[in-house]
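Each reported figure results from applying straightforward, stated rules to the coordinates on display, with no laboratory input. Please read all numbers here as calculations on a predicted model, not as lab measurements.
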Amino acid sequence: MKAIVQRVTKASVTVGEEQISSIGRGLCVLLGISVEDTQKDADYIVRKILNLRLFEDENGRAWTKSVMDRDFEVLCVSQFTLHCVLKGNKPDFHLAMPAELSQPFYNSILENMRSTYKPELIKDGKFGAKMQVNIQNDGPVTIELTSPTGPTDPKQLSKQEKQQQRKEKTRSKGPSDSSRDKGALRSRQDPNASSGAEGDVSSEREP
């Protein structure tokens with residue numbers, strides 16, 4: 001799951017000619033749900049959004065207060081394009097969760113925010129609609145969040161799989177012949193050397 005969090009002085013969402021949502025000072029969040037996301041991802045993103053220390057305290061000290069500390073508002077906008085993959089210059093969105101699944105998931109995220117914070121301070125766009133999002137970024141301050149259990153880069157995943165396969169092959173082979181030969185040689189050279197059966201493994205270590 002990805003979220004682009006922007007500190008704003010004001011933000012609003014318009015559909016057609018109608019403004020359907022607006023906030024004053026607070027956070028505008030563009031939220032993208034991937035095909036692999038679970039409740040764990042949602043919980044992480046909600047916790048981070050509400051606890052990011054992007055605001056100053058009463059004495060003007062920066063980066064000390066969260067949106068909840070200051071009783072500011074949050075405007076969330078569903079944004080599947082955050083999971084864009086480029087094929088040449090053409091955007092592809094197959095990593096984004098399909099609308100029929102992501103809409104109830106997105107609504108549950110909003111409910112989580114409202115139950116954790118103050119429901120009247122959590123605003124929303126219109127899921128699936130063509131929206132005009134007006135953002136007056138304060139700073140500018142923009143933070144990108146990615147849940148730790150979100151989709152892995154395919155190239156990185158391939159590397160991890162190959163490493164895991166090599167480890168499994170190494171384990172399945174067991175001790176190499178050369179290792180067994182070295183062990184037998186040490187035993188012949190020092191008949192009093194411990195086999196390690198009594199917990200003394202020091203004699204098995206290479207010099």
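Below, the figures for the structure above:
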| read-out | value |
| --- | --- |
| Rg to Rh, two decimals, where segment 23-162 supplies the alpha carbon set and Rh follows Kirkwood | 1.00 |
| Extended-chain gain in nm, criterion 0.36 nm per residue less alpha-carbon gap, residue 48 and residue 100 | 16.1 nm |
